[in-house]
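Notes to accompany the following structure.
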Amino acid sequence: MVKSWWKESVVYQVYPRSFRDTNGDGIGDLKGIIEKLDYIKLLGANVIWLCPVYKSPNDDNGYDISDYRDIMDEFGTMEDFDKLLDEAHKRGLKILMDLVVNHTSDEHKWFIESRKSKDNKYRDYYIWKDPKDGKEPNNWGGAFAGSAWEYDENTNMYFLHCFSRKQPDLNWENPEVRREVQELVKYWLDKGIDGFRMDVINMISKDQTFPDGVKAEGSLYGDKDPIVMNGPRVHEYLKELNEKVLSKYDIMTVGETPLVTPEIAMQYVGEDRNELNMVFEFEHMDIDRDESKAMKQPFDLIKLKKVFTKWQKGLENGGWNSLYWNNHDQARVVSRFGNDKEYWEKSAKMLGTCLHMQQGTPYIYQGEEIGMTNVHFETIEDYRDISAINRYKEEVEVKGRDKDSFMNYLHELSRDNARTPMQWNSCENAGFTEPEVKPWIKLNPRYKEINVETQINNPNSIFNYYRELIKIRRENEIVVYGKYDLILEDDKEIYAYTRTLDSKKLLVICNFSKNEPVFNLPEDIKYNFSQKIISNYDVDDSKIEKIKLKPYECRVYMLQ
Ligand code: GLC
Ligand code: CA
């Protein structure tokens, strides 16, 4: 397998708005990130992915960009950014920017021009269509409720927005758009950043016939996703971007790609493809949700094992995985797949172990390393996410769904679970901002118990456990490059797998339940010598043939 620095890296994701506020406006900022670089360094991650920091009216918290070459006022200035990059590099930390080029803000100058008239020079930068029978050009629904089309009186046409109506989709069919993107990518790379996380990058090529989507039962709109994802020219566009710009720099790229299978993913990340280094798949995040109905489904370990294994095996020859439990779009994993009550600490450590011992580049989302949990906002007024607010209107106010049942869905799966302020200490506002300030979004009340300060000097904390996981990866090639194999496939409580490199084998055992199942070592696993590498309970090292596991227990052994 070809070795590279980005395969050996661990990424820490920062959501700047909620990380650290230094000027008392209740909103995190770039200076706040600079202040916390030593913290990230201490954890041991070596790459930081910054969610968008560009100029934006914040309809979707920065995923609606109005100027790709400027910094959001609330976050600071370009000078602050340059300082951040410099300070990060001084510490050996790399910076990944978020590249959001499926769409812009409707306040971007291209769109302001585009909507002026049909013959404007920027008209074709976006996707404009005539009405069909006096209505929307097709039945597509947008990701944040409502139609994906917005009528514009001025020219009596509709424009496409796969996300909010303030996020018009760019028209990649237009070579001028592709040239603009190449130039802005070059602008940031020339500044010295180390790569990009590319927002919904598999949506940039649309089927030019714009067919209707299938309408799920009870849904007001057709499902555009299978039509707009992995479209006909997406690989051509990515190859072009790679050839003209990306390939000229030693960087790392990760594409956010909903609705991909390992086979499709290989077309983006295969070593011979010259497109991206890795993608974020969504299958393991979809096992307990039904988005078309806005419903949580029960967690099923067998399903999770199947999905992870499919991805581990599917990319092991010439591809590469990214590994994540959390990001700014997902509920907190300890509340979702673990137990955030009596086994909070144990299950957070077990989940970290299960993921970090797999093959791929791990991503840690801010607060995951201290076991931050889901928040339970009582009213819809406390939510800030456009997705939660718009869907509440559609589900509860338009369709008449029971309010409590919808709030329940938000408690379990809303993106705002991930967006509450980072919990640095137990003071009022958790050290995110000054005690008298009102943060842009409410804190999770558990900050008094769950915060960095109480964990950093406690050798048994989740934070120090994550440090250890990262260190193990750094010191053992087998964790990065070893071949993955699932064992005990049908066990409903235990997720166990091995990693193999040359004569070594890593054995990973994770109990996903509060029961005490027995782990039986499969007979075909032979070894002369076993050594425990890490575990979340104090346990005796030697015996691995038959282990009665404790609730949410995990252990990793090196076998030779
Ligand atoms: C991605 C982002 C998400 C955003 C959407 C539109 O999925 O991660 O936060 O809302 O794209 O840009
Ligand atoms: Ca601020």
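Would you please give the FRET efficiency between V398 and S292, computed as 1/(1 + (r/R0)^6) with r the Cβ-Cβ distance and R0 = 22 Å, to the nearest 0.05?
With a Förster radius of 22 Å, E is 0.90.
Can you list the aspartates and glutamates whose alpha carbon is less than 14 Å from that of K448, not counting same-chain residues fewer than 8 positions off?
Partners found: E428.
Measuring from centroid to centroid over Cα atoms, what is the spacing of the stretch 507-560 and the stretch 473-498 in Å?
12 Å
Testing the spin-label approximation: label points 7 Å from Cα along Cα→Cβ at I264 and K116. State their distance in nm.
Modelled inter-label distance: 3.8 nm.
Looking at the chain only, what percent of DSSP beta bridges run antiparallel? Nearest 5 please.
Rounded to the nearest five, the antiparallel share is 60 percent.
Need one number: nm distance between label points at E79 and Y527, each 7 Å from Cα along Cα→Cβ, rounded to one decimal.
Distance between the two pseudo-spin positions: 5.7 nm.
For R69 and M1, FRET efficiency with R0 = 45 Å and r from the beta-carbon atoms, rounded to 0.05?
Numbers: r = 38 Å, r/R0 = 0.84.
Taking R0 as 45 Å, the efficiency between M1 and R69 is 0.75.
Pull out the extension gain between K239 and K306, defined as 0.36 nm times the separation in residues minus the alpha carbon to alpha carbon distance; nm, one decimal.
That pair, K239 and K306, stretches by 21.0 nm at full extension.
Would you mind checking the tilt of helix 234-244 against the longest principal axis of the Cα atoms of the chain, expressed as 0 to 90 degrees and rounded to 10?
Between helix and principal axis, roughly 90 degrees.
At R0 = 22 Å, how high is the FRET efficiency between K90 and D190 if r is their beta carbon distance? Nearest 0.05 is fine. The partial results should precede the final answer.
On the way: r = 19 Å, r/R0 = 0.88.
Between K90 and D190 the formula returns 0.70.
Helix 78-90 against the longest principal axis of the chain: what's the angle in degrees, Cα atoms only, rounded to the nearest 10?
Roughly 20 degrees between the two axes.
Grab the DSSP H runs of the chain that are 4 residues or longer, score each as -39,500 (n - 2.57), total them, divide by all residues and round the 222 nm result to the nearest 500 deg cm²/dmol.
That comes out to -7500 deg cm²/dmol.
Can you check what the net charge comes to around G146, using other residues whose Cβ is under 10 Å from the Cβ of G146 (Lys, Arg +1; Asp, Glu -1)?
+1
Among the listed pairs K303/K349; K94/K346; K41/K191; K135/K399; K121/K186, give every one whose C-alpha distance is greater than 25 Å.
K94/K346
Helix 403-413 sits at what angle to the longest principal axis of the chain, using alpha carbons and giving 0 to 90 degrees rounded to 10?
60 degrees
Straight-line reach from K313: which aspartates and glutamates have Cα under 17 Å away, leaving out those fewer than 8 places along the same chain?
E263, E271, E281, E283, D485, E489
Every number in this text was worked out from the coordinates using simple rules, so none of it is lab data. On a predicted model such as this, the values are computed, not experimentally measured, just so you know. Cβ: placed from backbone, ideal geometry, glycine included. Neighbour counts: every protein chain shown.
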